[in-house]
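For reference, the structure discussed in these notes is given below.
Just so you know, all these numbers are worked out from the coordinates, no wet-lab data involved. Model, not experiment: these values are computed from the prediction. For neighbour counting, all protein chains shown are included, and Cβ atoms are generated from backbone atoms with ideal geometry for every residue, glycine included.
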Amino acid sequence: MSQHATDAEHLASLGYKSEFKREMSLWENFSLGFTYLSPVVGVYSLFALALAAGGPPMIFWVLICGVGQFLVALVFSEIVSQFPIAGGVYPWARRLWGKGYAWMTGWIYGFALIATIASVTYGAGPFIAGLFGMESNQNTTIALAIGLILVVTAINFGGTKLLGRVAFFGFVAELVGALIVGVVLLVTHREQAFGVIFDTSLITAGGTSYTTAFMGAALIGLYLYYGFEACGDVAEEVKNPGLVIPQAMRMTLYIGGAASLFITYALILSVADIGAVISGENADPIGQSLSEAFGATGARAIQGIVVISFFSCALSLQAAASRLIYSYARDEMIFARKALSRMNSNTGMAPVALVTAAVLPIVFVLTDLYLPGGIFRLVAFASAGIYIAFQMVVLAALRARLSGWKPSGKWSMGGAGTLVNVIALAYGLFAIYLMLKSYGIEDGTFVDNYIVAVEVAIVVIVGLGYMLISGAHKKSDTPAGDAISRR
């Protein structure tokens with residue numbers, strides 16, 4: 001029996017007949033996760049904030065969160081190996097716990113994904129404007145963000161094969177660019193001693209507790225390490241997913257984590273006056289270092305690599321979001337389910353689900369016209385929402401284990417699974433706690449200080465209300481809560 005027939009037979013045993021095309025290889029699947037994780041986007045977006053908050057030792061959050069999320073990835077790997085179903089965290093929660101629990105997991109994850117697409121494309125605006133010599137202002141940024149969403153949507157309409165190839169190109173461009181930048185900065189523009197990452201004196205000089213400052217810098221690590229789950233979002237498009245996807249998830253964190261550490265370390269060592277960053281005098285240490293090290297022309301080339309990274313990240317995010325929407329609709333879990341789950345047999349794509357994954361981020365971006373800075377309030381909960389959805393799956397896996405579930409996919413952790421599951425859950429809950437505190441603004445309003453918690457509460461309350469009133473989670477007979485019986 002061919003691998004394709006084996007994959008189709010396994011999926012059929014789980015209650016589905018896939019209409020996707022299985023055209024994604026290991027490296028393409030990995031590239032999807034890597035470009036979603038995107039070390040360049042994550043580090044460049046939050047480097048200045050983290051360095052100002054925690055000084056050079058903030059780099060240890062890149063390591064701490066990498067290890068924590070690797071444990072989460074191991075838990076996910078066991079689940080996707082047994083349940084390689086499109087949509088990722090939603091179908092995993094469905095099989096491990098049940099319909100209502102899965103509905104809320106998918107609802108939170110979906111909103112977080114849409115918000116992240118808006119955040120990434122909006123954040124790309126100034127880089128695109130700078131690359132092409134355009135004036136960077138609110139209207140330009142919004143227009144460029146919408147344009148980027150439309151471009152990645154057009155590519156995603158091209159199908160799995162095109163998505164995989166473009167994602168692989170983005171991975172190569174980002175990794176090569178990051179390595180070149182890091183090496184040049186270390187060799188020609190090192191301003192700090194190698195041991196500066198252990199220096200807390202710039203933060204504690206005024207009597208400030210370093211523990212508080214260090215916790216405030218956590219966001220750089222917390223924001224970096226998700227994206228590996230996208231490897232599982234496209235499970236029905238991957239050949240031999242029970243083995244390939246777990247490997248791709250681990251590769252995403254190995255390579256993405258190493259690249260993130262290297263970039264962060266090189267950037268810290270290239271900052272001539274770290275005190276000026278901490279005091280707020282230098283709000284763009286990356287731009288200054290790149291201009292000094294590469295000159296105007298070189299800095300423009302690096303800016304091009306950054307734009308490619310944002311583009312690849314948005315492409316992978318939208319691919320993940322559209323598969324979640326499709327999976328939700330296929331299980332009759334949301335309104336317009338027939339349209340959202342309809343497939344184009346030529347491309348192997350769900351066109352309405354893909355358009356939805358474009359329209360909703362555009363709506364989020366456009367809110368900035370009517371509420372300047374509002375997009376940052378809307379997307380503030382994005383990272384926390386994704387972590388919450390992750391931990392709902394990790395909790396469901398632990399509950400299932402304690403009830404007798406023994407992962408039966410092609411890849412498993414064996415006897416270490418329960419211990420890893422417990423540690424992954426502890427890490428995730430701690431990470432969520434940090435996120436709920438990270439966005440607070442000193443002397444701000446209640447909403448300013450608790451913006452993440454407020455937005456998470458709104459999403460959860462609205463989701464629960466819709467689920468309970470509509471009974472959406474009860475309409476499908478697709479298997480749910482059956483992990484324990486599938487030995």
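Below are the figures for this structure:
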{"read-out": "Ranked 231, 313, 65, criterion: other C-beta atoms within 10 Å, fewest first", "value": "65, 313, 231"}
{"read-out": "Whether segment 144-303 is rounded, prolate or oblate, judged on the alpha carbon gyration tensor where a/c under 1.5 counts as rounded", "value": "prolate"}
{"read-out": "For segment 58-63, 3J(HN,Hα) per residue [Karplus equation, 6.51 cos²θ - 1.76 cosθ + 1.60, θ = phi - 60°, Hz, x = Gly/Pro]", "value": "4, 4, 5, 5, 5, 6"}
{"read-out": "Helix 3-13 axis, angle to the chain major axis (alpha carbon atoms, nearest 10°)", "value": "70 degrees"}
{"read-out": "Using a Förster distance of 41 Å, the FRET efficiency for residue 135-residue 418 (Cβ separation, nearest 0.05)", "value": "0.15"}
{"read-out": "Charge tally in the Cβ shell below 13 Å around residue 289, where Lys, Arg are +1 and Asp, Glu are -1, residue 289 excluded", "value": "-3"}
{"read-out": "Rh by Kirkwood over Cα pairs, then Stokes-Einstein D for the chain at 0.692 mPa s and 37 °C, µm²/s", "value": "145 µm²/s"}
{"read-out": "16 Å Cα-Cα reach of residue 474 towards aspartates and glutamates, excluding residues that sit fewer than 8 places from it in its own chain", "value": "331, 332, 482"}
{"read-out": "Order of 311, 169 under a 10 Å beta carbon neighbour criterion, fewest first", "value": "169, 311"}
{"read-out": "Cut-off 15 Å between beta-carbons: net charge of the residues surrounding residue 421, Lys and Arg +1, Asp and Glu -1", "value": "+2"}
{"read-out": "Residue order, fewest to most surrounding Cβ atoms within 10 angstrom, among 331, 482, 368", "value": "482, 368, 331"}
{"read-out": "Under 5 Å, built H, 5+ apart or other chain: amide partners of residue 349", "value": "344"}
{"read-out": "Centroid-to-centroid separation of segment 106-162 and segment 466-487 [C-alpha atoms, Å]", "value": "34 Å"}
{"read-out": "Tensor-based shape of segment 16-55 (alpha-carbon gyration tensor, a/c under 1.5 rounded, otherwise prolate or oblate)", "value": "prolate"}
{"read-out": "Segment 64-80-segment 203-264 distance, computed between alpha-carbon centres (Å)", "value": "10 Å"}
{"read-out": "CD proxy at 222 nm, helix term only [per DSSP H run n ≥ 4: -39500 (n - 2.57); per residue of the chain; nearest 500]", "value": "-24000 deg cm²/dmol"}
